[in-house]
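To start, the structure under review is shown below, and the notes come after it.
The values are calculated or read from the model by the stated rules, or taken from the named source; none is laboratory data. These numbers were taken from a predicted model, which means no experiment stands behind them. All Cβ positions, even for glycine, are placed from backbone atoms using ideal geometry, and neighbour counts span all protein chains on display.
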Amino acid sequence: MRTAVLGGVLVTPDEVIEDAGLLIEDGKIAFVGTREELEESEDWEDELTLDEHDVILPGLINTHTHGPMTIFRGVADDLPLMQWLEEEIWPLEERLDAEKCRWGAALAAVEALKSGTTCLVDMYFYMDAVAEAYAEAGIRAVISHGMIDLGDEDKREEELKETRRIYRKCHGLEDLIEVSLGPHAPYTCSEELLREVRRLADEWGVKIQIHVAETRDEVKQVKEETGRRPVEYLDEIGLLGDDVIAAHCVWLTDEEIDTLARREVIVSHNPASNMKLASGVSPVPDMLDRGVTVTIGTDGCASNNNLDMLEEMKLAALLHKVDREDPTATKALKILKMATSWAEGVYSLAKIGRIEEGYAADLVILDGSSPRMSPCHSPVSNIVYSATGADVKHVFVGGEQVVENGRVTTVDEEEVLERARECAEQLTASNRT
Ligand SMILES: [Zn+2]
């Protein structure tokens, strides 16, 4: 089946094409150009005609989140990180089960798709239930079972066993789900666990997701335990590589930034979470200057509190301007690339992040009739500084239309919201007993 997308302003993101013509074949982009060029050279069976002012961009890639935490939205705000984790989040997480994670993930998928995200990098628990929800909704995901052993050998074996189970059960599910390894952080995982993670990543050819240098306290703790700062330590034990997605990366020395660049680590910048938990400001402009691949993630809904990547892009752009007192510190096109083409290395099942021939047809169309999209002096500016997730009109994943006129086509949105609300109620009700 060949489907044409006709009209609108296309942002690839390297190029802007007015009155665009796109051809989708077998889930991939088969032609990129103007409508006129497409009409002259190709034919098709099906077509979608866009309005003149609609803006087409690659599907956004959220490189760090914990999808099921949507059911924690608003449960505990305005607390310091460790108190928030120890007194609020971890006790609630102990009450989770597969059902709650499944519906939390379904809500995450609906929210993500409706706000233009087509791929999530996700670390949590009950990941087979999560994978099922993502596959059903038709969103791509790089999932991992979040592993914490705190130096306990039995716990370590349990965590690795669950990771192997998830890998065998979910890797490649519906050609959307990619399984990765998820050691939580250098301060919650033993050196033995981290070394085993590297060995398995090499053996299976999969990615590693890990939180790194999120807070000042973490740096202190890792230093006390290992004599090294987090990035130095992870490099010394051989964990770092181009298959590593390192979330946060707030507290870094220049040497550590150079190490991240040299090892080609993919950094996930999470501005909303860092601001909300007052973790600090990640040195993103320095990382970009020194050649680190920086991408954008929302983190979980307990510390954000939404999964809107359009909002996250704006926060990423604004945070570093005010931090550096320099409005040129982070420019719109760079920010858009951080959320699309620069994040392509997080996923291996298909080529994503750009609108180019041979890439997966993961497309977002923003509604040109929205007041926030009008006028359109610069589509890139409108995407980064003005649009919100509410401006998303259509979304395609692998050529499949998963959002049509703002509605998810793959699952029953009302049912997902209702079931997720029920799970959230059960969670907090059991906490009160
Ligand atoms: Zn996180």
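Just give me the residues in the stretch 14-28 being under 16 Å from ILE365 (Cα atoms) and part of a strand (DSSP E or B), in sequence order.
Of everything in the stretch 14-28, those that are under 16 Å from ILE365 (Cα atoms) and part of a strand (DSSP E or B) turn out to be VAL16, ILE17, ALA20, GLY21, LEU22, LEU23, ILE24.
Working carefully through the options LEU318, LEU333, find the one that is in a helix (DSSP H, G or I), more than 16 Å from the ligand (Cβ to nearest atom), in contact (Cβ under 8 Å) with a residue 40 or more places away in the chain and assigned by TED's automatic domain parsing to the domain that holds VAL75.
LEU333
Return yes or no: is ALA141 hydrophobic (A, V, I, L, M, F, W, C), under 30 Å from GLU404 (Cβ atoms) and part of a helix (DSSP H, G or I)?
The answer is no for ALA141.
Of GLU425, GLU344, which residue is over 12 Å from GLY59 (Cα atoms) and not in a loop (DSSP other than H, G, I, E, B)?
The conditions single out GLU425.
Taking the residues in the stretch 298-315 that are at pLDDT 95 or above and part of a helix (DSSP H, G or I) as candidates, determine which candidate is nearest to the ligand (Cβ to nearest atom).
Going through the qualifying residues, I end up with CYS301.
Find all pairs meeting these conditions: Cβ atoms under 7 angstrom apart; at least six residues apart or on different chains; first residue within the stretch 201-218 and over 16 Å from GLU191 (Cβ atoms); second residue away from the ligand (no atom under 16 Å from the Cβ) and acidic (Asp, Glu).
Sorted first by the residue in the stretch 201-218, then by its partner, the pairs are LYS207/ASP243.
Is there a residue being within 16 Å of the ligand (Cβ to nearest atom) and part of a helix (DSSP H, G or I) anywhere in the stretch 226-243?
Scanning the stretch 226-243, I find at least one residue that is within 16 Å of the ligand (Cβ to nearest atom) and part of a helix (DSSP H, G or I), so the answer is yes.
Looking only at the stretch 30-53, decide whether some residue is of a type outside the set (Val, Ile, Thr) and without any contact (Cβ under 8 Å) to a residue 12 or more places away in the chain.
Yes: the stretch 30-53 contains one or more residues that are of a type outside the set (Val, Ile, Thr) and without any contact (Cβ under 8 Å) to a residue 12 or more places away in the chain.
MET69: within 16 Å of the ligand (Cβ to nearest atom), farther than 24 Å from GLU311 by Cβ and touching a residue at least 24 places away in the same chain (Cβ under 8 Å), yes or no?
It is false that MET69 is within 16 Å of the ligand (Cβ to nearest atom), farther than 24 Å from GLU311 by Cβ and touching a residue at least 24 places away in the same chain (Cβ under 8 Å).
When only residues in the stretch 174-198 that are over 21 Å from GLY345 (Cβ atoms) and either surrounded by fewer than 18 Cβ atoms within 10 Å (Cβ to Cβ) or of a type in the set (Val, Ile, Thr) (or both) count, which is farthest from the ligand (Cβ to nearest atom)?
GLU174
Applying the selection to the stretch 55-66, what residues are of a type outside the set (Ser, Thr, Tyr), within 11 Å of the ligand (Cβ to nearest atom) and part of a strand (DSSP E or B)?
Across the stretch 55-66, the qualifying residue is only HIS64.
Here's the yes/no breakdown for (1) at positive phi; (2) more than 16 Å from the ligand (Cβ to nearest atom); (3) not assigned by TED's automatic domain parsing to the domain that holds ASP323:
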{"position": "GLU264", "(1), (2), (3)": "yes, yes, no"}
{"position": "ALA278", "(1), (2), (3)": "yes, no, no"}
{"position": "ARG290", "(1), (2), (3)": "no, yes, no"}
{"position": "ILE296", "(1), (2), (3)": "no, no, no"}
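Have a look at GLU312, GLU325 and point out the one that is within 17 Å of VAL250 (Cβ to Cβ) and of a type outside the set (S, T, N, Q).
Every option except GLU312 fails the conditions.
Tell me which of these TYR385 doesn't satisfy, since it passes every other one: (1) hydroxyl-bearing (Ser, Thr, Tyr); (2) part of a loop (DSSP other than H, G, I, E, B); (3) more than 20 Å from THR293 (Cβ to Cβ).
Unmet for TYR385, out of (1) hydroxyl-bearing (Ser, Thr, Tyr); (2) part of a loop (DSSP other than H, G, I, E, B); (3) more than 20 Å from THR293 (Cβ to Cβ): (2).
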